[in-house]
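As structure tokens, the structure follows; a few thoughts come after it.
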Amino acid sequence: MNRLADLDWKSYQSRTQHGDAVILLPIGAIEQHGPHMSMNPDVLIPEAISESVASGLTNALVAPAISYGYKSQVKSGGGNFFPGTTCINGKTLIDTIQDVLIALARHGNRRFVLVNGHYENSMFIVEGIDLALESLRRDGIDCNIMLLSYWDYVDQTTIKAVFPDGFTGWDVEHGGVLETSLMLYLHPDLVNMDKTVNHAPATFPPYDRFPPEPSWVPASGTLSSASKATAEHGKLLFRVCVEGIQGSIKTEFA
Ligand code: ZN
Ligand code: MN
């Protein structure tokens, strides 16, 4: 069993009090991902990857995911104006990351892996980590924290296999082949391929504008079409991420 919150407190204590457990913390967002898919892939994908990673390590636990993320941006997540996209302020995310890390460290944990599934979260997570480390250090507690986004583990070989017609880049993958393939593999009940919309990858000017302009975003909410997504590709993507992340953790926390 490696889901942290499923343990009773005594079992949790015995596994964590000496600081040799690795705590994985998935961080996502609730955000529309097109008409063909649920709004939680940014949570469910890093959660499933974390659980699989943890099962291959000696003493690793997956903390409950932080399900709400920083505001969806037009050029990476379609934008914050779609019904259902439910986001929090940067400050709230920073505070949440900081508070959760400090609480887990006070239990004795010293090794953390933060697994991000929503691009817009990136620097707010960094800030939460930084403030947590600073505060813990004042109390004489030193922790080691890894931060990663799972898609950075997808190598060129996998990209060629998953995107045989050419890869248009991670920035337009929102609700596209990558996330839809992973969801078809992990949670096929949350995907309906009949509802995918065929459209060319979104193109944007090199600047952002505020307030955001909804007409910049394809009406589907996806930034590229998911129609070529398959569970087979999802399995390939999942494996390469899990194996890569396990390797990184073994390197860092050997
Ligand atoms: Zn996403
Ligand atoms: Mn996202």
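Bear in mind that the values in this text are calculations on the coordinates, not laboratory data. Remember, it's a predicted structure, so these values are computed and weren't measured experimentally.
Of all lysines in the structure, those lying under 28 Å Cα to Cα from LYS235, and not within fewer than 8 positions of it along the same chain, are LYS75, LYS160, LYS195, LYS250. Using every pair of distinct Cα positions in the range 21-110, the Kirkwood expression returns a hydrodynamic radius of 14.2 angstrom. Would you kindly give the portion of the calculated P(r) for the chain that falls above 32 Å, as a percent of all Cα pairs? In whole percent, the share of Cα-Cα pairs in the chain beyond 32 Å is 23. In order along the range 153-170, phi translates into HN-Hα couplings of 8, 7, 8, 4, 4, 5, 4, 4, 6, 7, 10, x, 8, x, 9, 8, x, 4 Hz, rounded to whole numbers, per the Karplus curve 6.51 cos²θ - 1.76 cosθ + 1.60 with θ = phi - 60° and x for Gly and Pro. Rounded to the nearest 10 degrees, the inclination of helix 231-252 to the longest alpha-carbon principal axis of the chain is 30 degrees. Taking 1.002 mPa s as the viscosity and 20 °C as the temperature, the Stokes-Einstein diffusion coefficient of the range 175-234 based on its alpha-carbon Kirkwood radius rounds to 171 µm²/s. Using C-alpha pairs below 8 Å separated by at least 6 residues, the relative contact order for the chain is 24 percent.
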